[in-house]
Amino acid sequence: MKRIKITELLTPALIGQEVTAAGWVRTRRGNKHVQFVALNDGSTVRNLQIVFDMAKFSDEELKSVTTGSSIRVTGILVESMGKGQTTEIQANSFELLGAADPDTYPLQKKGHTLEFLREIAHLRPRTNTFGAILRVRSALAFAVHKFFNEKGFFYLNTPLITASDCEGAGAMFQVTTLDIANPPRTEDGAVDYSCDFFGKTTALTVSGLLEGELGATALGAIYTFGPTFRAENSNTPRHLSEFWMIEPEMAFYEIEENMELAEEFIKYCVRYALDNCRDDIEFLQQMYDADLISRLEGVLADDFVRLTYTEGVKILEESGKKFEFPVYWGSDLQSEHERYLVEEHFKRPVIMTDYPKDIKAFYMKLNDDGKTVRAMDVLFPKIGEIIGGSERESDHAKLLKRIEEMNIPMKDMWWYLDTRRFGTVPHSGFGLGFERLVLFVTGMTNIRDVIPFPRTPNNAEF
Ligand code: 4AD
Ligand code: MG
């Protein structure tokens with residue numbers, strides 16, 4: 001008999017029919033007359049109750065049906081009398097697919113800490129919490145593609161191995177096939193990368209932006225959605241060494257349209273999750289974050305504040321609040337500053353623009369003041385920066401000047417500069433850190449808990 005997913009079995013549609021379910025046992029309890037198994041197959045946070053009438057089964061048969069074991073069971077789907085359950089299966093037969101020794105199965109009891117679960121990241125998807133998070137994550141990824149597809153954007157795949165450092169922030173993971181213990185050397189003793197696999201030094205990408213611009217200035221509007229790698233040694237609850245980023249890039253967009261798109265995009269994703277992941281979000285709210293749904297709805301209800309960096313710094317300076325890091329015009333804002341503006345001052349998301357050019361990347365369009373660039377960061381409650389973007393410098397001479405000022409190796413940039421030499425257009429885009437979005441929507445507080453296999457300094461076990 002074909003297995004039916006528990007999401008479907010929990011609706012009244014199949015009541016009265018014989019059905020087959022399969023999954024992992026969460027708990028078994030009962031007495032010598034009747035035994036109840038809570039079964040979960042990952043399709044929903046809710047368990048399906050299986051009722052074993054012990055007139056039909058022996059204790060011996062049920063002995064190995066322990067927490068963590070996997071079974072397939074066939075029986076009649078009936079309406080459940082139990083509180084909070086719609087249906088249950090009255091078992092006629094079952095098969096033990098895989099036992100899980102109660103002495104060694106790590107998820108024997110409920111209520112493990114998130115820290116402990118990180119140490120068993122290979123098994124944590126079996127918990128209600130990670131099941132919920134991973135389903136929300138999957139739904140959000142679908143929402144991303146749906147949003148851009150509906151807007152007529154094209155999905156562009158940009159390379160993971162690259163020879164250019166887009167953000168200029170340093171910290172890239174080098175990719176090489178050279179023997180690091182004994183690399184080939186040039187006459188002056190330096191490592192000879194012309195002998196490396198690609199004939200030059202290469203690294204994992206920190207952003208698909210530069211290649212995204214090539215796509216946008218041909219197809220009009222594109223988005224990327226892929227893994228991104230940063231070798232910064234930042235051990236914070238908001239940084240991963242490997243994360244996923246969504247980078248839309250649009251020809252003929254100036255900064256205002258870029259801001260409008262960013263706001264519409266985030267709201268669309270949050271709305272999609274609220275509409276399609278209700279059980280999981282309610283579960284996470286109940287377990288971890290009592291304000292979750294009202295925070296999500298709050299973001300949908302309000303227009304995001306538009307604020308310049310200069311105005312923002314003034315508010316922070318006048319706030320009288322003691323920050324760990326000092327704020328002054330020219331300083332890079334820390335998440336404590338961003339969160340003060342969003343959570344305490346405005347009480348809604350903020351899009352901050354026109355940052356000092358010295359704290360932003362080379363490709364951002366210079367304002368007429370010569371001091372600030374047309375950058376935009378979207379700042380969110382609990383998260384701080386969730387999106388970073390800008391209008392791009394489309395003027396060839398100005399861009400060249402910035403590249404020189406910032407000492408960016410010019411020979412690696414020739415292909416990028418060609419976009420400004422041939423048919424340059426105003427264009428803009430931004431990058432959304434996918435895990436920061438998942439953090440926000442799930443109410444989790446550590447980014448390691450919203451990606452199945454987190455990569456952080458000293459952690460690449462699973
Ligand atoms: O602000 P960032 O560095 O911007 C860029 O990479 C641009 N090229 C984007 C663009 O304009 N196309 O990164 C964008 C976003 C951040 O706002 C943040 O949400 C996320 O990516 N992010 C990280 N997320 C997790 N771990 C890290 N180490 C992250 N670094 C950035
Ligand atoms: Mg940024």
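The values are calculated or read from the model by the stated rules, or taken from the named source; none is laboratory data. These figures come from a predicted structure and were not determined experimentally. Cβ: placed from backbone, ideal geometry, glycine included. Neighbour counts: every protein chain shown. Only protein heavy atoms, including side chains, enter the accessible area calculation; ligands, DNA and RNA are left aside. Shrake-Rupley method; radii C 1.70, N 1.55, O 1.52, S 1.80 Å.
Taking a ≥ b ≥ c as the square roots of the eigenvalues of the Cα gyration tensor of the range 1-146, is the shape rounded (a/c under 1.5), prolate (a/b larger than b/c) or oblate? Oblate, since a/c reaches 1.5 and b/c is not below a/b. Packing here is the average count of other Cβ atoms within 10 Å per residue, and on that basis the peptides 4-17, 223-236, highest first, run 223-236, 4-17. Note on Thr11 and Glu150: their simple-model spin labels are 2.1 nm apart, each label 7 Å out from Cα toward Cβ.
Rounded to the nearest 10 degrees, the angle from helix 209-219 to the longest Cα principal axis of the chain is 90 degrees. Proximity of backbone amide H atoms, modeled 1.01 Å from N, is registered between Arg455 and Ser241, Glu242 at under 5 Å, excluding neighbours fewer than 5 places apart on the same chain.
Here's the picture: charge each Lys and Arg Cβ at +1 and each Asp and Glu Cβ at -1 in the chain, and of Phe325, Thr217, Phe57 the one pushed furthest to the positive end of that dipole is Phe57.
Working note: Karplus 6.51/-1.76/1.60 with θ = phi - 60° gives the range 99-114 the couplings 7, 9, 4, x, 6, 10, 5, x, 9, 4, 10, 7, x, 5, 6, 5 Hz, where Gly and Pro are set to x. Rolling a 1.4 Å probe over the protein heavy atoms of the chain, with every protein chain left in place, gives an accessible area that is 51 percent carbon and sulfur. Here the 3J(HN,Hα) profile of the range 27-44, calculated from phi with Karplus coefficients 6.51, -1.76 and 1.60 at θ = phi - 60°, is 8, 9, 8, x, 9, 6, 8, 8, 10, 10, 10, 8, 10, 10, 10, x, 6, 7 Hz, Gly and Pro shown as x.
Take the Cα of Asn31, step 7 Å toward its Cβ, do the same at Ser294, and the gap between the two points is 4.3 nm.
Would the range 75-162 count as rounded, prolate or oblate if I go by the C-alpha gyration tensor, calling it rounded below 1.5 in a/c and otherwise prolate when a/b exceeds b/c, oblate otherwise?
Because a/c hits 1.5 or more and a/b fails to exceed b/c, the range 75-162 counts as oblate.
3J(HN,Hα) couplings calculated from phi for the range 274-285 with the Karplus curve 6.51 cos²θ - 1.76 cosθ + 1.60 (θ = phi - 60°) are, in sequence order, 4, 6, 10, 10, 4, 4, 5, 5, 5, 4, 5, 4 Hz; Gly and Pro show x.
Per-peptide packing, taken as the mean over residues of other Cβ atoms within 10 Å, places 104-111, 183-190 in the sequence 104-111, 183-190 from highest down. Full extension of the segment from Ala218 to Ser58, taken as 0.36 nm per residue of separation minus the current Cα-Cα distance, would add 50.7 nm.
Under 5 Å between amide hydrogens, built in the peptide plane, is the criterion, and for Gly30 it picks out Phe36 among residues at least 5 positions away or on other chains.
Taking the mean number of other Cβ atoms within 10 Å as a proxy for protection, how do you rank 290-297, 248-255 from highest to lowest?
So the peptides 290-297, 248-255, ranked by packing, come out 248-255, 290-297.
Beyond 19 Å in Cα-Cα separation lie the following of the pairs Lys32/Lys110; Lys321/Lys347; Lys267/Lys382; Lys347/Lys382; Lys365/Lys411; Lys32/Lys63: Lys32/Lys110; Lys365/Lys411.
Paramagnetic label reach from Glu404 (point 7 Å along Cα→Cβ; backbone nitrogen cut-off under 17 Å): within the range 363-389, residues 363, 366. Simple spin-label estimate for Phe197 and Ile76 gives 6.1 nm between the two label positions (7 Å along the Cα-to-Cβ direction from each Cα).
Between the Cα long axis of helix 309-318 and the first principal axis of the chain there is an angle of about 70°, rounded to the nearest 10.
Accessible surface ranking for Ser319, Ser331, 1.4 angstrom probe, highest first: Ser319, Ser331. About the centre of its Cα atoms, the range 103-159 shows a dipole size close to 160 debye [charges on the beta carbon of Lys, Arg (+1) and Asp, Glu (-1) only; nearest 20 debye]. For Thr224, neighbours were defined as the other residues whose beta-carbon sits under 13 Å from its Cβ, and their charges (Lys and Arg +1, Asp and Glu -1) total -4. A 1.4 Å probe run over the protein chains yields, for the chain, 48 Å² of accessible area per residue, whole-number rounding. Would you please classify the overall shape of the range 239-358 from the alpha carbon gyration tensor, given that a ≥ b ≥ c denote the square roots of the eigenvalues, rounded means a/c under 1.5, and beyond that prolate means a/b larger than b/c while oblate covers the rest? It is oblate, given that a/c is not under 1.5 and a/b is not larger than b/c. Within the range 218-248, which residues have the backbone N less than 20 Å from the label spot 7 Å out from Asn446 along Cα→beta-carbon, could you tell me? Inside the label zone: 232-244. Within the assembled protein chains, the solvent-accessible surface assigned to Tyr288 is about 90 Å², based on a 1.4 Å probe.
Residues whose amide H falls under 5 Å from that of Met364, counting only those 5 or more places apart or on a different chain, are Glu393, with hydrogens built in the peptide plane.
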